[in-house]
Amino acid sequence: MASSIEVSWELDGITMEGTVVRPDGDGPFPAVVLVAGSGPTDRDWCSPLIPGENGSAKLFAEAFADAGFASIRYDKRASGPRAIENVTKLLGFVSMQSHLDELAAAVGVLAGQDFVDSARIVGLGNSEGTLHVLHYVTSQQKFPFVGIILAAPPGRPIQAVLLSQLALQSAQVPGGAEMMSKVEEAASRYAEGLPMNPDPGIPDSVKMVLASFEAPMNLPLARELWVESSLDSLGKVRIPTLVLIGRKDVQIDFHADGHPLQEAAIGMPNVTFALPPNANHVFKEDTRSKAEVLASPGTGYNEPDTHLDPESLDTILTWLADTAK
């Protein structure tokens, strides 16, 4: 029977915490490091911004253990139970590099477990986490990955992804087109390195989203994210890579993000694509229509009755067995 082990370590004077899951048996086991998406998403891929505590990362870790794979999932320093106490320590230091440092430290902890085969570790990132996995695999690291899984990778700069998400939402409300024009003006100013200064007429909920890109806590990461996509690194990857984008994902689009990635991977036999029809952004099964999903974004993520999308899980487990076993 699989067992969970709580682990902690220090990084730049800040305590990080995570959960290692060990499969039944003696090992050494191949292993997976799970990397969460953006914002205050914790090790289980739960967020205080989204209802529910039934996070996909925890479910993935349990499924991996059943298949003979160890795993680690960890709280970023700006997420989880220590987030509030860490905010002042991280002010102005949250960046792509700081996230890469967190990932490298977590991999080191995983590789140090006596039941883990450090030569057979796979990186699995979700959403923004895919960028950190790509940065890891395209840099010199003590424990190189044997393969990577990019779950909902942005194939466009985050600016384009954000604007498309807001456009989909604005299309559902009166005056949405006028609002989007004002949002695009604010985004254009930000892209030029200027303050956004959003129009006062923009709804407060949208202004809050825009303001998050200027919050001191999120800098310089937010400006780095604004212009980066997984296209920037995918062509440099030489190890086996599985790219998954769910067709019920309302944040990463299988056309707008998937097609550029597929074009970039032409001539790269190491890259495999899967577009599971009923998978949402966190790879839970969602059998609603796309219109119904768009009408209530964020539902179907972490509620108690949600479960991993079977096709996505089967695709990942089959790929892992071929790549790391």
Worksheet item: Is the stretch 51-61 home to any residue that is in the same structural domain as Val137 (by TED's automatic domain parsing), in contact with a strand residue (DSSP E or B) (Cβ under 9 Å, 6 or more places away or on another chain), of a type in the set (Ser, Thr, Tyr) and closer than 22 Å to Ser229 by Cα?
Response: no
Worksheet item: Counting only residues that are surrounded by fewer than 14 Cβ atoms within 10 Å (Cβ to Cβ) and not in a loop (DSSP other than H, G, I, E, B), how many does the stretch 304-313 have?
Response: 1
Worksheet, complete the sentence: Flagged pairs (Cβ under 8 angstrom, 6 or more apart or on separate chains; first in the stretch 235-264, under 14 Å from Gln165 (Cα atoms); second of a type in the set (Val, Ile, Thr) and in a loop (DSSP other than H, G, I, E, B)) are Ile252/Ile245; Asp253/Ile245; Phe254/Ile245; Asp257/Ile245
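May I ask you to say which residue of Ala160, Ala187 is modelled with pLDDT of 90 or more, under 23 Å from Val250 (Cα atoms) and crowded, with 19+ Cβ neighbours inside 10 Å?
Working: Ala160 fails: crowded, with 19+ Cβ neighbours inside 10 Å.
Ala187 is the lone residue from the list that is modelled with pLDDT of 90 or more, under 23 Å from Val250 (Cα atoms) and crowded, with 19+ Cβ neighbours inside 10 Å.
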Fill in: Residue among Lys290, Lys284 that is surrounded by fewer than 18 Cβ atoms within 10 Å (Cβ to Cβ) and not aliphatic (A, V, I, L, M)
Lys290
Practice prompt. Kindly check whether there is at least one residue in the stretch 240-261 that is on the phi > 0 side of the Ramachandran plot and at pLDDT 95 or above.
Written response: no
Worksheet item: With respect to Ala186, is the statement that it is part of a helix (DSSP H, G or I) and within 23 Å of the chain's Cα centre (by Cα) true?
Response: no
Item to complete: Any chance you could count how many residues in the stretch 121-143 are part of a loop (DSSP other than H, G, I, E, B) and either free of Cβ contacts under 8 Å to residues at least 12 places away in the same chain or crowded, with 20+ Cβ neighbours inside 10 Å (or both)?
Response: 2
Item to complete: Test Leu100 against the stated conditions and say whether it is among the hydrophobic types (A, V, I, L, M, F, W, C), more than 17 Å from the chain's Cα centre (by Cα) and over 24 Å from Glu303 (Cα atoms).
Response: no
Worksheet item: If you scan the stretch 95-120, which residues turn out to be surrounded by fewer than 18 Cβ atoms within 10 Å (Cβ to Cβ), in contact with a strand residue (DSSP E or B) (Cβ under 8 Å, 6 or more places away or on another chain) and charged (D, E, K, R)?
Response: Asp101, Asp117
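Restricting attention to the stretch 7-43, which residues are of a type in the set (Asp, Glu) and touching a strand residue (DSSP E or B) at 6+ places or on another chain (Cβ under 7 Å)?
Here is the first cut: in the stretch 7-43, the ones of a type in the set (Asp, Glu) are 10, 12, 17, 24, 26, 42.
Correct list: Glu17 only.
Matching residues to (1) surrounded by fewer than 24 Cβ atoms within 10 Å (Cβ to Cβ); (2) of a type in the set (A, V, I, L, M); (3) over 24 Å from Leu131 (Cβ atoms):
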residue: Pro28; (1), (2), (3): yes, no, yes
residue: Leu34; (1), (2), (3): no, yes, no
residue: Cys46; (1), (2), (3): no, no, no
residue: Ile50; (1), (2), (3): yes, yes, no
residue: Asn54; (1), (2), (3): yes, no, yes
residue: Phe69; (1), (2), (3): no, no, no
Response to the item:
So, first residue assigned by TED's automatic domain parsing to the domain that holds Val209 and in contact (Cβ under 8 Å) with a residue 12 or more places away in the chain in the stretch 171-192, second residue polar (S, T, N, Q) and surrounded by fewer than 14 Cβ atoms within 10 Å (Cβ to Cβ), Cβ within less than 8 Å, six or more apart or across chains; the pairs are Ala186/Asn197
Worksheet item: Which condition breaks for Ala321 when tested against (1) under 16 Å from Arg247 (Cα atoms); (2) over 21 Å from the mean Cα position of the chain (by Cα); (3) in contact (Cβ under 8 Å) with a residue 40 or more places away in the chain?
Response: (1)
Fill in: Among the candidates Asp232, Asp204, residue that is within 17 Å of the chain's Cα centre (by Cα) and surrounded by fewer than 20 Cβ atoms within 10 Å (Cβ to Cβ)
Asp232
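The values are calculated or read from the model by the stated rules, or taken from the named source; none is laboratory data. Fair warning: this is a prediction, and the values are worked out from it, not measured in the lab. Neighbour counts are summed over all protein chains in view; Cβ atoms, including those assigned to glycine, are modelled from backbone coordinates with ideal geometry.
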